[in-house]
Structure formats: structure tokens, C-alpha cells
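Every number here is computed from the coordinates shown, using simple stated rules; none is lab data. Given the structure is predicted, the values throughout are model-derived calculations rather than measurements. In this analysis, Cβ positions are derived from the backbone assuming ideal geometry, glycine residues included, and neighbour counts consider all displayed protein chains.
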């Protein structure tokens, strides 16, 4: 990682006002679209820009975009760097536990990974009954007879209560523009030929292994890994491997462990360090999750963007034990594109 750390400020600003100033100054120079025409192919997701390279490799640029309610809301300063570095840290923890695609991190916003044929499903592992969106376990509990993805959740539970054992709730992974993820049962996945029964059994095995490790590591840091999303794919030799991201604040909910029991007993929402904070603030500001024609983007104010950036950075430091490094230059787009050129010439491959 020496190739990019030399361009970063090495000390974390302990003064909150300094950190706030650095975040505020970056509001107008966040990472959004990246140009890399030399790539063999290109795909733009909600948050990630994916560039196919020779030799069964791929460069993934994690932008500062934030998505919620199946919309891209805008950008959060330094969010891409936080997500990419947390994912890289977690992939290192998963070495020897499950197969995964991560190779190296040549830039704080870039991961060099193995190419994969992406499975057309996503796996959500839930440890607690919670959420605010229509795909959440809490919405299903209240509105769909306690049923989600072919499973019936126990009667008599309260919001934010822990399940007796984690449940797995898959969703589809549509590729059509504007299409949304939809809950699907294990049986439907196999019946529709999305994944074979043998492959799906391995997918669930991987997911539960990662979630068990994730909850253990989070607990050691005073956090609760509430739920998380996993994506998986097949490598060139037909092996299952974990792709995308693992246990980041975009793909996972994290609560503060110390205050959970008291707040749960008082019917208060948990203290959190994840994207759910943004969802709840947007709903509180007036967004109606039941209105399919309403755009939540305008509710993402600069004040909310700044607070969200601080929470992302706080989770990064608490989880990894590392200090967050602010870039010395605000031209992150230019820096990223230079590194991509180096990868293309196999400087980092």
C-alpha cells in the first residue's frame, strides 16, 4: 500500500473542527464518474465503477456515491475511500475462511480483483428484526404476515430484537436499468434456475461463516453486526468466491453494543454507525418510502452529507484500528485515473 499512502496525510485530525473543515472542503470535489477508456469493458453500478482488465482481472473504483431506497442520492466526501479500505481489511480477515476475489489495493478508492461471473442473487443475513425500507425484515413483519423470502418470523417480537438464530433472506439481482431488487425464496431460486441447489447450499455456508466471523470481530470492538449483504460469483475455474464488498457500512448495519440493551428496553432506536442513519434522516426530513414517484435525493443536504462522512470515518477507525488518512489533494478523480493507467500497464498487476 506504500504506492498511495505517501500521497495521504498520515495523521488523523483529533480536533473535530479540523475534521469538519476537511470534510466540508471536499463537498464539491467528491468522486463520482471515472474515465478509463483503456479498459476491455466497463460497468457502472450504484456505487462502484468496474473496469475489466486482461488476465482475468478487474479494477473496481469505489466512488463517493450513496444509494438508498434503490436511488442514487448524491455523494458523501471520502465515502469511497472508507468503503474500499474497510472491504480490503475484511477480505484480509477472510483469507483461509472463504474464497474471495480481492487481490490488492493500489489506491484508497481502487481494488484490484479477480474477474467473476456474478451470481444473479444477493444474500442478506439478518441477526435482528429491524429496518426502514420495504425490503426490510421489520416491514415484512408488520405488513406481510411476518413472512419474508419464504420464511415465517416468530410471533411476539419487537423492532430491533435479536433473532434466536440469524436468518438468510435472498434477493434477486436484476441487471435492467431501473429494476429493483426483490425478495425471493431459496426454493424459487432453484426452481427458476438462477443457481443450482448444490451451489446455493455453498452460498449459504459461505454467508453464515462470514456473518459468524463478522459478529465476533464486531463484538470485540464494541459493535453489533446487525445484518449484512453478500454478493458472490464464479471464477474462471468454476469456484464460488465472495465479491463486491464485505461488512462495510453500506452493505451492513452496525449498532453500538454498550447502549443497545437500554435503548431497546426503552423502545428507542439503537445508536448506529452505518448507512441506516442516512435513510432515517431522509425519512425524518419528509421522504415517503411508500411513494414510488418521490425522489429522496433532494433530502440529502450538505449538512447530512458532512455528518454522514464523519460517521463513515468513525466506523472505519473503530473497526480496523487504523487512522483515517485524508488525501493531500482534492483532485481525487485525477489521482484515481493516473493509478488506473498504471494498472493497465501492469504497474500494480
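Subtracting the Cα-Cα distance of residue 301 and residue 258 from 0.36 nm times their residue separation leaves 12.5 nm of extension gain. Projecting label points 7 angstrom from Cα along Cα→Cβ for residue 38 and residue 142 puts them 5.2 nm apart. Residues 82, 195 in ascending order of nearby Cβ atoms (within 10 Å, fewest first): 195, 82.
Full extension of the chain between residue 56 and residue 285 gives 77.9 nm of extra length, using 0.36 nm per residue less the Cα-Cα distance. Paramagnetic label reach from residue 190 (point 7 Å along Cα→Cβ; backbone nitrogen cut-off under 17 Å): within the stretch 110-133, residues 121. Sorted on the mean count of surrounding Cβ atoms within 10 Å across their residues, most packed first, peptides 162-175, 120-133 read 120-133, 162-175.
Between residue 201 and residue 181, how many nm apart are label points set 7 Å from Cα along the C-beta direction? Modelled inter-label distance: 2.6 nm.
The length gained on full extension between residue 173 and residue 24, counted as 0.36 nm times the residue separation minus their Cα-Cα distance, comes to 50.2 nm. Cβ crowding within 10 Å, taken as a proxy for footprinting-reagent exposure, orders 221, 85, 279 from fewest neighbours to most as 221, 279, 85. Rounded, prolate or oblate for the chain? Axes are the square roots of the Cα gyration tensor eigenvalues, ordered a ≥ b ≥ c, and the cut-off for rounded is a/c under 1.5. Judged from the Cα gyration tensor, the chain comes out oblate (a/c at least 1.5, b/c at or above a/b). Summarising the label geometry, the points placed 7 Å from Cα in the beta-carbon direction at residue 331 and residue 269 lie 4.0 nm from one another. Can you figure out the FRET efficiency of residue 293 with residue 99, using R₀ = 45 Å and their beta-carbon distance, to the nearest 0.05? Efficiency computed from Cβ-Cβ geometry: 0.60.
Across the chain, Cα pairs under 8 Å and at least six residues apart give a relative contact order of 22 percent.
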